[in-house]
Amino acid sequence: MEFDRFNSSHLGTFVRSLTDKTVSKKQMRENMEALWTNFKETIWRPIWQPFTKSSAKSSALFIFIFFLVVGAFVSTRFLNTTNILSTITSLKYPSEKPKIQLNCTAYGPIVKCPSNYSTPYNPELHQHGSLSSTCPEHFRWIHEDLKPWAQTGITREMVERAESLSLANFRLVIVKGKAYVETYRHSFQSRDVFTLWGILQLLQRYPGRVPDLDMMFNCGDPPVVQSKAFSAPNATSPPPVFNYNKDSTTLDIVFPDWAFWGWPEIDIKPWVSLLNDLKKGNKKKKWVKREPYAYWKGNPYVSPNRQDLFKCKASQNHDWNARLYAQDWVRASKQGYKQSNLADQCTHRYKIYIEGAAWSVSQKYIIACDSMTLLVKPRYYDFFARGLIPRHHYWPIRNDDKCRSIKYAVDWGNSHKKEAQEIGKTGSKFIQEELKMEYVYDFMFHALNEYAKLLKYEPTIPPKATELCYEVMACEANGLAREFMMESMVTGPADSSPCTMPPPYDPSSLSSLLERETNSTKEVELWEKKYWENQNKKP
């Protein structure tokens with residue numbers, strides 16, 4: 001019996017047709033008929049024919065031999081490589097996914113992108129795939145960020161207005177799965193480079209799923225699209241500009257920051273490995289064994305707000321329960337950042353987060369430490385901060401009375417250790433689970449997809465734009481920049497679909513959410529006020 005004559009590709013084609021919604025009923029029937037014909041000629045007929053010549057053969061013997069042959073077929077065709085379940089799974093998500101290899105010598109002195117580098121957008125990919133989880137709650141803010149253009153849509157003139165107003169560092173266009181960039185002005189350090197690198201990873205993680213789009217990006221600290229400039233009756237529509245943060249007075253579209261793929265200038269690793277280091281750092285010292293004070297280390301000179309914080313340093317006259325340290329990045333660089341390891345800074349029960357010139361990249365590193373985060377009332381927020389809840393993920397600190405607010409928070413925590421420890425762990429869990437790298441990519445994916453739906457024109461490649469790919473970016477990098485790119489490089493498609501986007505907030509639910517957060521903060525301020533009133537009554 002010639003089992004090797006059986007063409008297993010017919011089986012693969014038939015199984016694929018069962019999971020592919022784009023296959024017609026006619027094509028599925030043809031696939032099934034081809035499978036049956038091949039099976040009948042190579043396996044069924046050699047087994048059945050001897051029995052048709054002799055009615056004396058018992059059906060029981062036939063069944064025995066049939067299952068013996070089928071078992072032999074399964075063992076020879078499947079078990080030598082993998083089991084049936086993994087075979088079917090691999091048909092849907094091939095284990096032998098095409099691996100992207102970086103080859104900087106293959107393209108000569110003039111580095112260019114491979115012709116087969118990208119996968120054009122295929123809208124049918126959104127209609128089937130693996131079952132995916134629901135995205136975290138903070139994804140709902142994508143709808144809010146895009147609301148200024150929900151009714152009008154986005155025209156080419158709106159997009160290009162961002163450049164004429166000098167609001168963007170670069171313009172990124174995606175056409176047929178390929179990324180093209182036109183740089184207007186370079187950002188501070190390598191923010192623009194690693195932001196673009198991150199978007200390249202998204203295209204490789206979800207090939208064929210990111211639609212054609214045309215976007216402007218600002219890499220500075222403060223947001224740039226002032227809502228009041230576009231709110232007058234005869235004002236033009238606001239230009240859509242992506243940024244790392246925004247506040248209540250601006251219309252920037254929030255996007256994950258560059259540091260998720262590494263920050264080479266200050267030796268901060270890509271997020272996957274850094275988050276793993278932070279988890280290990282949390283285990284070095286139990287919460288109750290940590291220093292019972294509030295810790296902060298950073299550059300105090302970037303804003304008056306941080307300089308005001310340094311008034312809370314311990315002195316002979318006052319101890320505000322704060323341990324504050326100025327970070328000299330020049331000196332740290334000369335020392336190889338040996339005293340700047342973020343995973344070694346989870347040594348206090350409380351850690352302070354305070355904004356710099358605007359929002360600060362440090363927020364996620366601070367909250368990930370298991371320490372109760374003392375969050376000085378912020379003005380700006382990044383893409384995930386709107387998912388944080390006061391007294392659940394962090395403890396709110398007054399901005400206009402920092403020292404007394406910090407002292408009260410530490411005193412409260414030290415007298416309510418169980419509650420304080422729980423707040424710290426809940427905040428850390430949020431960072432570790434809802435800000436894992438898979439969700440960072442999914443936030444990017446949904447932000448760009450929802451944005452692309454609003455475009456009222458077909459994106460085209462700007463004349464001065466250059467194509468981006470791994471070779472163009474990584475082959476010209478060196479040192480830590482090259483190392484971090486290699487570490488954070490996506491080498492093939494994801495095994496699952498992006499998480500399922502939650503619906504927008506309705507006006508009443510959004511209002512209730514904001515009101516709960518405000519009331520929770522006000523309650524802490526009321527406790528704090530009573531605390532200091534009682535302190536002042538003491539002789």
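The values are calculated or read from the model by the stated rules, or taken from the named source; none is laboratory data. Quick caveat, the model's predicted, so the values are computed rather than measured. For neighbour counting, all protein chains shown are included, and Cβ atoms are generated from backbone atoms with ideal geometry for every residue, glycine included. The protein model used for the area step is the full one, side chains on, heavy atoms only, and it has no ligands, DNA or RNA in it. Shrake-Rupley method; radii C 1.70, N 1.55, O 1.52, S 1.80 Å.
Rolling a 1.4 angstrom probe over the protein heavy atoms, how many square angstrom per residue are accessible across region 213-351? Could you put the intermediate results ahead of the total?
Numbers: 6510 Å² over 139 residues.
The answer is 47 Å² per residue.
How much accessible area per residue does region 359-484 have, counting only protein heavy atoms and a probe of 1.4 Å, in square angstrom? Mind dumping the intermediate values first?
On the way: 4850 Å² over 126 residues.
Heavy-atom SASA per residue in region 359-484 reads 38 Å².
Here is the link list: K285/K417; K147/K246; K147/K522. Which ones come out longer than 24 Å on Cα distance? Kindly include the intermediate steps, with their values, before the conclusion.
On the way: K285/K417 15 Å; K147/K246 14 Å; K147/K522 29 Å.
From K285/K417; K147/K246; K147/K522, over 24 Å: K147/K522.
Distance between Cα centroids, region 444-458 to region 358-393: provide it in whole Å.
About 28 Å separates the Cα centre of region 444-458 from the one of region 358-393.
For the cross-link pairs K289/K436; K280/K436; K228/K311; K284/K407; K351/K407, which exceed 24 Å when the distance is taken from alpha carbon to alpha carbon? It would help to have the intermediate numbers written out before the result.
Working: K289/K436 28 Å; K280/K436 16 Å; K228/K311 34 Å; K284/K407 26 Å; K351/K407 12 Å.
Pairs exceeding 24 Å: K289/K436; K228/K311; K284/K407.
Enumerate the calculated ³J(HN,Hα) couplings along region 443-456 in order (Karplus 6.51 cos²θ - 1.76 cosθ + 1.60, θ = phi - 60°), each rounded to whole Hz, writing x wherever the residue is Gly or Pro.
5, 4, 4, 6, 4, 6, 5, 5, 5, 4, 4, 8, 5, 9
Put one equal scatterer on each alpha carbon of region 292-428, apply the Debye formula with no solvent term, and list log10 I(q)/I(0) at q = 0.11, 0.14 1/Å to two decimals.
For region 292-428 at q = 0.11, 0.14 Å⁻¹, log10 I(q)/I(0) is -0.37, -0.60.
If you bin every alpha carbon distance in region 167-291 into 10 Å steps from zero, what whole percent lands in each bin?
Percent of Cα pairs in each bin: 11, 32, 30, 17, 8, 2, 0.
Note down the nm distance, to one decimal, between modelled labels 7 Å out along Cα→Cβ at T500 and at R516.
2.1 nm
Expressed in whole Å with the largest first, what are the equivalent ellipsoid semi-axes of region 168-227 derived from the C-alpha gyration tensor as the square root of 5 times each eigenvalue?
On the way: eigenvalues 96, 34, 21 Å².
Ellipsoid semi-axes (Å, largest first): 22, 13, 10.
List every residue whose amide H lies under 5 Å from the amide H of L375, counting only residues 5 or more places away in sequence or on a different chain, with H placed 1.01 Å from N in the peptide plane.
Y353, W395, I397
Indicate the gyration tensor shape class of region 434-539 (rounded, prolate or oblate), computed on the Cα atoms with a ≥ b ≥ c the square roots of the eigenvalues: a/c under 1.5 is rounded; otherwise a/b larger than b/c is prolate and the rest oblate.
Working: a/c = 2.98, a/b = 1.86, b/c = 1.60.
Prolate.
Stretch N122-Q316 to full length: gain in nm at 0.36 nm per residue minus the Cα-Cα span? Working shown, then result.
Values: separation 194, 0.36 × 194 = 69.84 nm, distance 6.72 nm.
So the extension gain works out to 63.1 nm.
Summarise the accessible area of region 144-216 (1.4 Å probe, protein heavy atoms) by the percent that is carbon and sulfur. Mind dumping the intermediate values first?
Numbers: 1240 of 2480 Å².
So the carbon and sulfur contribution to the accessible surface is 50 percent.
Please list, in order, the residues from region 185-209 whose amide nitrogen is less than 18 Å from a point placed 7 Å along the Cα→Cβ vector of E476.
185-201
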